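K.L.:
I'd like to ask some things about the structure below.
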């Protein structure tokens, strides 16, 4: 069984750390301590951490914090990075105003 | 729906190269880029590139961008700027944000060349204004003409950290410290040496403890780390800076490929998550190709070759050329690519402790820790000779893929040979004319002309110089050694600029002969002026 | 072979996690097997978060009303984390007389079953939600409807069940249920065999092929539905929103972002490439739909869109049923795109079925064997 799959695996108690206040996801203002705590609450994948805390769900869509969250999770779970997989990417690549997203034009039409 | 043979996402070195190559074979190509300027990172690269002629070596990055764009335009490639590709969907369809609308396009083939984004590293205070990516600093300076700050700390001694530090100096900033947690400088020694001789201090095995300041960065605390990356108590020191630049690597921007359902892999050697692809850059989705940093972070030179290969592969995929043509052309390009991937800095050597060059020369540990050679070390390299009269002194000690110096010398004084990563050898039997072509051609600014018989008791040293204001003949000041310390008074005896030097001026200074093999930089003494 | 447990739940979505929680409360040993690496990766995290009674099929309405009256209001406290349940009503909007007729019909059948829902004029609708466009001419209004955060609600059930000792195993693709001596007992996965005294199948559309391994079928299809999320905005309104034409539905989350689902009209026939990939035409269509009702949102940025599969049963209500012909098997699937709001109730009911307690609500309408030929 893969290491993230057994959700009853003992990863030890949550131990507070000196740098828990460090902001990791800047868009959604999520700290390192919150991320570590989420893992101890059973959120073993980047997708679950993201759904639980909103890391990487803000305007930059995880461009900045994705790698940082992954490193924190890997350390907390005792895994190497590649065992963790990645959170998904979604359309649109960059945030788009609703009035623009809804304004479909044929190429060549005056935008 | 509007359809092209090939849609290229990203007008950087990989994307434009692919577009050019595909268009040569008759494909109808469009390139979309979200930026206002084409060229991707090339347009920020004001330094001369490494490599060989075929890799556009010794040409400044932004000129390579212009050349590629011109080629693309001449071949009828449509380059659409300010056009953000929002999504990659089934059936090789993309949506593009252009002005205030969304437009749909289909490509019979699609090449994603979206590049990479800068990594960040968190430390106390890292969200303060004034903590920026090194690439961001480069954008501010080189695209927008704005300096990011006055007193800079650069974190990261890879080539990006070194090159951007140099550009910050050129823009008039002070680089207060170059810091890296690793025990050795990660980038090319020649890039480090360019900084060290201006006096930039290197702090290897150091890390940032915190950025100081309440509303913006007003200082930084750094400390030494041990082999396990733990800070050593009592080593903390505070530096007054207003900007902290982070040059801690890049991650591929593979979002479009992920959202389209490409099979991805996690590959630390490629900088993170990249699409699985074959030798031609085709992903798990038929007809969807990748090239450049998005498929694995490397240099612009390799991105251009990867782009060309993918462009040709797209031509073959769409039946514009036979498989045999693809195989033949790709083979030649792959061999060029593999020549770029040789040497000490090759991916497979990352993290390895290389003590000797291919030729058996000992690699200077002092260079790797401090950014410059000790005086005694330098003389053993094959580019450094003591000769009567003017001659080139090439302080190049690492096997890196670069050979413009060999081609630059009209008298063939400099030999590298067929292996592009070999150290340059100065041929003592050839007769140096002192033309300085090699000095300007060396992208690493590691070549000097030394004449120990300049006049009685004095030697002349010709150094590459890329700062403004340019000193004038007769100016007096200080000669700095490789570590940036003042060693003696110096006088500028000659200043050469020429179109062929491409903005690298040759400054010839006169120093006491004993300093001929020590002095490597000139600093004007404003009190004398 | 893994040791025999009391209950195996196939499917780690909100139905499976809620059922696990209610079983674990009784001290029952449960193992949950989830195909994906992530808990709640199907419809549970890909829905608009509606906790709605109005507009429900009359057969399903009691489940929704039970949840709103007995479970949702205290769920955050019970599970020890905020599931962002907001009970500020549901507005279903109409722009034409034809729309209003649709709303009247939907309203009437719910009123008949005792739900507080009524038709209101445009002016009253605007008093409830001042941001509506002038095109809105009326609405149905159910003040006790609401919404919650589906990501958090799913993970909250998981977290609590896990804390109570439920074993969750992700990345475990169930291939087969195997009867042993006349009872459903073994669950065979790509990695091994699990044994349980009771097996609960709550695997969304994938339930169909697993049911096939014990000779059963629930007629259902799967369709791809899409949702978009905006950047956070200051709080504007707390209602759950829908329209007569189902152009879009959604709400503003506690975080401030708007979560809007919708359709392009091709949901039933969208091409499946194996991943729930969005279609290029859907999000623009949803945006246009939203702006007709809420022109004020035109400058708000969309940061994300996603697609998910909904398991659509032949008669548009779920199967929640013991399977007497395969003793030991209980099925909960076919939620037809409106499973989230009733998930806590369903979890409670399925747990009751599994532990041999008489369910608090009658489940006769949700029998697995109700599907008959039309003549």
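K.L.:
Among the candidates A:37, A:26, single out the residue that is on the phi < 0 side of the Ramachandran plot, under 12 Å from the mean Cα position of the chain (by Cα), surrounded by fewer than 24 Cβ atoms within 10 Å (Cβ to Cβ) and away from chain C (no Cβ under 11 Å). I'd like the intermediate steps shown before the answer.
P.N.:
Details: A:37 fails: under 12 Å from the mean Cα position of the chain (by Cα).
Going through A:37, A:26 in turn, the sole match is A:26.
K.L.:
In the set C:323, C:303, C:319, which member is farther than 24 Å from residue C:334 by Cβ and touching a residue at least 12 places away in the same chain (Cβ under 8 Å)?
P.N.:
Only one candidate passes the filter, namely C:303.
K.L.:
Give the residues of the range A:73-105 that are more than 7 Å from chain C (Cβ to nearest Cβ), free of Cβ contacts under 8 Å to residues at least 24 places away in the same chain and within 21 Å of residue C:303 (Cα to Cα), sorted by residue number. Break it down into steps so the answer makes sense when it comes.
P.N.:
Initial filter on the range A:73-105 (more than 7 Å from chain C (Cβ to nearest Cβ)): A:73-84, A:86-89, A:93-94, A:100, A:103, A:105.
Adding the requirement that they be free of Cβ contacts under 8 Å to residues at least 24 places away in the same chain leaves A:74-75, A:80-82, A:93-94, A:100, A:103, A:105.
The answer is A:93, A:94, A:100, A:103, A:105.
K.L.:
Only one of these conditions is not met by residue B:256: (1) part of a loop (DSSP other than H, G, I, E, B); (2) within 14 Å of chain A (Cβ to nearest Cβ); (3) crowded, with 24+ Cβ neighbours inside 10 Å. Which number is it?
P.N.:
(1)
K.L.:
Here's another thing I want to ask about it. Looking at (1) crowded, with 21+ Cβ neighbours inside 10 Å; (2) touching a strand residue (DSSP E or B) at 6+ places or on another chain (Cβ under 8 Å); (3) assigned to a loop (DSSP other than H, G, I, E, B), can you tell me which one residue C:332 breaks?
P.N.:
(3)
K.L.:
On to the next question. Suppose we filter the range C:182-194 for residues that are farther than 11 Å from residue C:328 by Cβ, surrounded by fewer than 22 Cβ atoms within 10 Å (Cβ to Cβ) and modelled with pLDDT of 95 or more; how many remain?
P.N.:
Here the count works out to 3.
K.L.:
Taking the range B:98-111, which residues are within 11 Å of chain A (Cβ to nearest Cβ) and in contact (Cβ under 8 Å) with a residue 60 or more places away in the chain? Full working, then the answer.
P.N.:
Taking the range B:98-111 as the starting set, the residues that turn out to be within 11 Å of chain A (Cβ to nearest Cβ) are B:98-106.
Correct list: B:103, B:104, B:105, B:106.
K.L.:
While we're looking at this one, here's another question. What residue, of B:158, B:145, B:186, B:172, is over 30 Å from residue B:396 (Cβ atoms), more than 14 Å from every other protein chain (Cβ to nearest Cβ) and surrounded by fewer than 24 Cβ atoms within 10 Å (Cβ to Cβ)?
P.N.:
Numbers: B:158 fails: over 30 Å from residue B:396 (Cβ atoms); B:186 fails: over 30 Å from residue B:396 (Cβ atoms); B:172 fails: over 30 Å from residue B:396 (Cβ atoms).
Going through B:158, B:145, B:186, B:172 in turn, the sole match is B:145.
K.L.:
Only one of C:153, C:202 is modelled with pLDDT of 95 or more, surrounded by 15 or more Cβ atoms within 10 Å (Cβ to Cβ) and under 30 Å from residue C:116 (Cα atoms). Can you tell me which?
P.N.:
On the way: C:202 fails: under 30 Å from residue C:116 (Cα atoms).
Being modelled with pLDDT of 95 or more, surrounded by 15 or more Cβ atoms within 10 Å (Cβ to Cβ) and under 30 Å from residue C:116 (Cα atoms) holds for just one of C:153, C:202, which is C:153.
K.L.:
Based on this model, can you work out whether residue A:56 counts as closer than 26 Å to residue C:169 by Cα, in contact (Cβ under 8 Å) with a residue 12 or more places away in the chain and buried (at least 22 other Cβ atoms within 10 Å of the Cβ)?
P.N.:
On the way: closer than 26 Å to residue C:169 by Cα: yes; in contact (Cβ under 8 Å) with a residue 12 or more places away in the chain: yes; buried (at least 22 other Cβ atoms within 10 Å of the Cβ): yes.
Yes.
K.L.:
Right, here's the next one. Among the residues of the range C:244-261, which ones are part of a strand (DSSP E or B) and modelled with pLDDT of 90 or more? Before you say what the answer is, go through the steps one by one.
P.N.:
The initial filter retains those residues of the range C:244-261 that are part of a strand (DSSP E or B), namely C:248-252, C:258-261.
Within the range C:244-261, C:249, C:250, C:251, C:252, C:258, C:259, C:260, C:261 meet the criteria.
K.L.:
Let me ask something else about it. Looking at the range B:178-185, can you tell me whether even one residue there is assigned to a strand (DSSP E or B) and touching a helix residue (DSSP H, G or I) at 6+ places or on another chain (Cβ under 7 Å)? First the steps, then the outcome.
P.N.:
We begin by selecting, within the range B:178-185, every residue assigned to a strand (DSSP E or B); these are B:178-180.
Retained after the next criterion (residues that are touching a helix residue (DSSP H, G or I) at 6+ places or on another chain (Cβ under 7 Å)): B:178.
Within the range B:178-185 (the criterion being assigned to a strand (DSSP E or B) and touching a helix residue (DSSP H, G or I) at 6+ places or on another chain (Cβ under 7 Å)), the answer is yes, since at least one residue qualifies.
K.L.:
Just the residues that are within 14 Å of chain A (Cβ to nearest Cβ), out of contact with any helix residue (DSSP H, G or I) (no Cβ under 8 Å at 6 or more places or on another chain) and surrounded by 23 or more Cβ atoms within 10 Å (Cβ to Cβ), please, taken from the range C:218-249.
P.N.:
Within the range C:218-249, just C:227 meets the criteria.
K.L.:
Another question, if that's okay. Please go through the range C:301-327 and pick out each residue that is in a loop (DSSP other than H, G, I, E, B) and surrounded by fewer than 22 Cβ atoms within 10 Å (Cβ to Cβ). Working first, answer last.
P.N.:
As a first pass, look at the range C:301-327 and keep what is in a loop (DSSP other than H, G, I, E, B): C:314-318, C:324-327.
Within the range C:301-327, C:314, C:315, C:316, C:317, C:324, C:325, C:326, C:327 meet the criteria.
K.L.:
Looking at (1) at negative phi; (2) within 14 Å of chain C (Cβ to nearest Cβ); (3) at pLDDT below 95, find the lone condition where residue A:46 falls short.
P.N.:
Every listed condition holds for residue A:46 apart from (3).
K.L.:
Another question, if that's okay. Within the range C:96-105, is there a residue that is in contact with a helix residue (DSSP H, G or I) (Cβ under 9 Å, 6 or more places away or on another chain) and not assigned by TED's automatic domain parsing to the domain that holds residue C:193? Spell out the reasoning first.
P.N.:
So in the range C:96-105, the residues in contact with a helix residue (DSSP H, G or I) (Cβ under 9 Å, 6 or more places away or on another chain) come out as none.
Taking every residue of the range C:96-105 in turn, none turns out to be in contact with a helix residue (DSSP H, G or I) (Cβ under 9 Å, 6 or more places away or on another chain) and not assigned by TED's automatic domain parsing to the domain that holds residue C:193.
K.L.:
Further question on the same structure: Do we find a residue being crowded, with 23+ Cβ neighbours inside 10 Å and without any contact (Cβ under 8 Å) to a residue 60 or more places away in the chain anywhere in the range C:37-48?
P.N.:
Yes, some residue in the range C:37-48 is crowded, with 23+ Cβ neighbours inside 10 Å and without any contact (Cβ under 8 Å) to a residue 60 or more places away in the chain.
K.L.:
Hey, another quick one. Select, from A:108, A:66, the only residue that is farther than 23 Å from residue C:32 by Cα, modelled with pLDDT under 95 and surrounded by fewer than 15 Cβ atoms within 10 Å (Cβ to Cβ). Quick ask: steps written out before the conclusion?
P.N.:
Numbers: A:66 fails: surrounded by fewer than 15 Cβ atoms within 10 Å (Cβ to Cβ).
Sole residue among the options that is farther than 23 Å from residue C:32 by Cα, modelled with pLDDT under 95 and surrounded by fewer than 15 Cβ atoms within 10 Å (Cβ to Cβ): A:108.
K.L.:
Another one. Counting just the residues of the range C:275-292 that are in a helix (DSSP H, G or I), in contact with a strand residue (DSSP E or B) (Cβ under 6 Å, 6 or more places away or on another chain) and more than 7 Å from every other protein chain (Cβ to nearest Cβ), which one comes out farthest from residue C:239 (Cα to Cα)? Break it down stepwise before answering.
P.N.:
Taking the range C:275-292 as the starting set, the residues that turn out to be in a helix (DSSP H, G or I) are C:282-292.
Next cut, in contact with a strand residue (DSSP E or B) (Cβ under 6 Å, 6 or more places away or on another chain) only: C:282-284, C:286, C:289-290.
Of the ones still in play, those that are also more than 7 Å from every other protein chain (Cβ to nearest Cβ) are C:282, C:286, C:289.
On the way: C:282: 24, C:286: 18, C:289: 18 Å.
Residue satisfying both the conditions and the ranking: C:282.
K.L.:
Out of everything in the range B:260-290 that is outside any strand (DSSP E or B) and touching a strand residue (DSSP E or B) at 6+ places or on another chain (Cβ under 6 Å), what residue ends up being farthest from the other protein chains (Cβ to nearest Cβ)?
P.N.:
B:281
Rundown of residues vs (1) assigned to a helix (DSSP H, G or I); (2) modelled with pLDDT of 95 or more; (3) buried (at least 24 other Cβ atoms within 10 Å of the Cβ); (4) away from chain A (no Cβ under 14 Å), yes/no style:
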{"residue": "C:18", "(1), (2), (3), (4)": "yes, yes, yes, yes"}
{"residue": "C:21", "(1), (2), (3), (4)": "yes, yes, yes, no"}
{"residue": "C:32", "(1), (2), (3), (4)": "no, yes, yes, no"}
{"residue": "C:62", "(1), (2), (3), (4)": "yes, yes, no, yes"}
{"residue": "C:76", "(1), (2), (3), (4)": "yes, yes, no, yes"}
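The values are calculated or read from the model by the stated rules, or taken from the named source; none is laboratory data. Fair warning: this is a prediction, and the values are worked out from it, not measured in the lab. With ideal geometry, Cβ positions are generated from the backbone for all residues, glycine too; neighbour counts draw on all protein chains shown.
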